[in-house]
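This report refers to the structure that appears directly beneath it.
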Amino acid sequence: QVQLLESGGGLVQPGESLTLSCAAVGGGVNVLEMNWYRQAPGKQREYVASITRAYGSRYADSVKGRFTVSKVISENTVYLQMLNLKPDDTAVYYCNGVFGDYNFWGPGTQVTVSS
């Protein structure tokens, strides 16, 4: 059983930055793919970014050029650096990955960007 735990969310003004962390317990983050998703109130969950062993990092168009996903194997942690945050970035951010036959999700961390 793998547990993922996001941290680093908070309240920021537009243009400021945050770095989110996703720590894994019970499984290593160096699987084929680790992902970040987000969900705003009343809206569907949307894809944000991935870090893959085959093709490196991938990003949604809405965050490309502002967000950077990375992982530190020795820390068993995936990071999402978010720069120049916008009000539309406000959401609960979720870490996701497939470990063995199962798709695991963290409980999420809230990011709020004031208008």
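Looking only at residues of the stretch 78-90 that are touching a Cys at 6+ places or on another chain (Cβ under 8 Å) and open to solvent by less than 10 Å² (accessible area, probe 1.4 Å), we find that the one that is nearest to Ser115 (Cα to Cα) is Leu80. Just to be sure, is Glu16 touching a Cys at 6+ places or on another chain (Cβ under 8 Å), of a type in the set (Asp, Glu) and closer than 26 Å to Ser114 by Cα? Taking the combined requirement at face value, the residue does not satisfy it. Counting only strands (runs of 3 or more DSSP E) that sit completely within the stretch 1-66, those holding 2 or more residues that are under 13 Å from the mean Cα position of the chain (by Cα) correspond to 3-7, 18-25, 33-39, 46-52, 56-59. The single condition among (1) open to solvent by less than 30 Å² (accessible area, probe 1.4 Å); (2) on the phi > 0 side of the Ramachandran plot that Gly26 does not satisfy is (1). Within the span defined as the stretch 102-111, one or more residues are farther than 21 Å from Asn30 by Cβ, touching an Asp or Glu at 6+ places or on another chain (Cβ under 8 Å), open to solvent by 30 Å² or more (accessible area, probe 1.4 Å) and touching a residue at least 40 places away in the same chain (Cβ under 8 Å).
If I filter the stretch 46-70 down to residues being small (Gly, Ala, Ser) and more than 21 Å from Val111 (Cα to Cα), which single residue comes out as surrounded by the most Cβ atoms within 10 Å (Cβ to Cβ)?
So, considering only residues that are small (Gly, Ala, Ser) and more than 21 Å from Val111 (Cα to Cα), the one surrounded by the most Cβ atoms within 10 Å (Cβ to Cβ) is Ser57.
The set of residues in the stretch 91-101 being under 17 Å from Asn30 (Cβ atoms), open to solvent by 30 Å² or more (accessible area, probe 1.4 Å) and assigned to a strand (DSSP E or B) consists of Val98 alone.
The values are calculated or read from the model by the stated rules, or taken from the named source; none is laboratory data. Here the structure is a predicted model, which means the values were calculated and not measured. Backbone-built Cβ (ideal geometry, glycine too); neighbour counts: all protein chains shown. Side chains are part of the model used for accessible areas, which takes the heavy atoms of the whole protein and leaves out ligands, DNA and RNA. Shrake-Rupley method; radii C 1.70, N 1.55, O 1.52, S 1.80 Å.
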